[in-house]
Amino acid sequence: HAYPHIACPNPKIDYVRESVRWWDKWLKGIENNIMDEPKLQYYLMDSVKPAVDYEHREGSWQSAVAWPPASMRHRQYFLHPGSLLTEPNDKPHTLEVNSPETTGRMGGKLMVGIGFSGEFPNDQQADDRQSRTFDTPVLGEILDIVGQPRVNLALCSDQPVSNVIVRLCDVHPAGESTLVTYGVLNLAHRESNENPEALVPGQTYRVDIALNHIAYRLPRGHRLRLAVSNAYWPLIWPSPFKDRLYLELSECRLSLPCPASVIENTNPALSDHDPDKLPASLELRPGHTRKTTREDPETGELKIRTETDYGYHWHRSCDTGVDFTINQLLSIHPDEPNSAKSEATLRVKMQQGDTETALRSHYKMTSSSQHYFIRATWQAWEGENCIFEQQFNEKIERNLI
């Protein structure tokens, strides 16, 4: 994540200008009409082909005088075998969800936008094939999704702990699948995160899954896809058991927030914005990311290696150089949830005058059906001398997670 005047992809906004206008009103008493402007301003993204990075996302700034806007309508879609329709499904039909643990490899990182991540969600077709999918007919009109979609599912599991993941995707005429938004629920936490309750295998539960807020426009000729899986590696750690879910489609539906109309925003701070030509730091080595994904042809084990070099920058404000790298290796077997492994090595080197310091750390996380295992090493360096080192070897009980 990053401030909106420096984050990527474009468009950026003049966050500093907007902040000054606010504080001018409330600290200096300057009447600048900021309180007469719409309470909500958001960016409605246009449809885009899937890619691991974007320089610019097309769309438009919109506004609403209140939230939810008076024009908001919640469209109801119902799950039929393979289809997502506006007509209710009155025919009982049970569908098994048994996703490989490698499902989710195309999900990208949790937080992106620092400029060279290469970690946006890629084409979702690989994950779609490992999920149960439900598609609308080809859209005959534009579909704007603004707000938080919600999905109601009736399901049961064959294990006391299970995850369910719901994704919404923009399916292009040629078949590409762009992730719009998603939501995750540990079914043992269906009522409370503080007081989880194990599932009773075979018992039907009715759950409400809130997807992440989004503002996205699907054009005519595309389809909306709802995908359901019970794995989403590596964004979430696998369930402790290899589980299966069973959906009762006649009781499943999607509620989609769709404003009847959108209002173009005229806030000058949201116009095309180029940051100051004099950057706050001097780039001594550019940053980059290299990601490789390999699947063992014999065992099926998936390995995702990400090498992120944030570059070497000299920060003028504190006359300090910062050199920052993170390397991560994630691996999992498609049929073994407790084969999941995450390893990361982090190095930060800082220099101010003749003083050079560094932080070095290594983390490794694995699990069994009962515990998480975390091993870590922290080191602090001054020049060529390690002045502090601490090691951790933790065994943490899994409490229905």
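Quick rundown of the values:
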item	result
Enumeration of residues in the stretch 170-205 that are aromatic (Phe, Trp, Tyr) and under 21 Å from the mean Cα position of the chain (by Cα)	182
Residues of the stretch 286-305 satisfying the condition of being of a type in the set (S, T, N, Q), surrounded by 17 or more Cβ atoms within 10 Å (Cβ to Cβ) and either closer than 17 Å to residue 351 by Cα or at pLDDT 90 or above (or both)	none
Residue check, residue 100 farther than 27 Å from residue 233 by Cβ, in a loop (DSSP other than H, G, I, E, B) and of a type outside the set (A, V, I, L, M, F, W, C)	no
Residue tally, condition aliphatic (A, V, I, L, M) and touching a Ser or Thr at 6+ places or on another chain (Cβ under 7 Å), over the stretch 200-225	4
Qualifying residue in the stretch 228-242 (condition: in contact (Cβ under 8 Å) with a residue 24 or more places away in the chain and more than 23 Å from the chain's Cα centre (by Cα))	yes
Pair list, Cβ < 6 Å and 6+ apart or interchain, from the stretch 30-48 residues that are in a loop (DSSP other than H, G, I, E, B) to residues that are of a type in the set (Val, Ile, Thr)	38/65
Single match in 113, 140 (criterion: surrounded by fewer than 20 Cβ atoms within 10 Å (Cβ to Cβ), modelled with pLDDT of 95 or more and out of contact with any strand residue (DSSP E or B) (no Cβ under 8 Å at 6 or more places or on another chain))	140
The one condition in (1) touching a Pro at 6+ places or on another chain (Cβ under 8 Å); (2) in a helix (DSSP H, G or I) that residue 20 fails to fulfil	(1)
Every residue from the stretch 1-17 that is touching a helix residue (DSSP H, G or I) at 6+ places or on another chain (Cβ under 8 Å) and outside any loop (DSSP other than H, G, I, E, B)	15, 17
Single residue of 77, 42 found to be out of contact with any Asp or Glu (no Cβ under 6 Å at 6 or more places or on another chain), buried (at least 16 other Cβ atoms within 10 Å of the Cβ) and farther than 25 Å from residue 6 by Cβ	77
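The values are calculated or read from the model by the stated rules, or taken from the named source; none is laboratory data. The structure displayed is predicted, hence computed values, not measured ones. We place every Cβ from the backbone using ideal geometry, glycine too, and count neighbours over all the protein chains shown.
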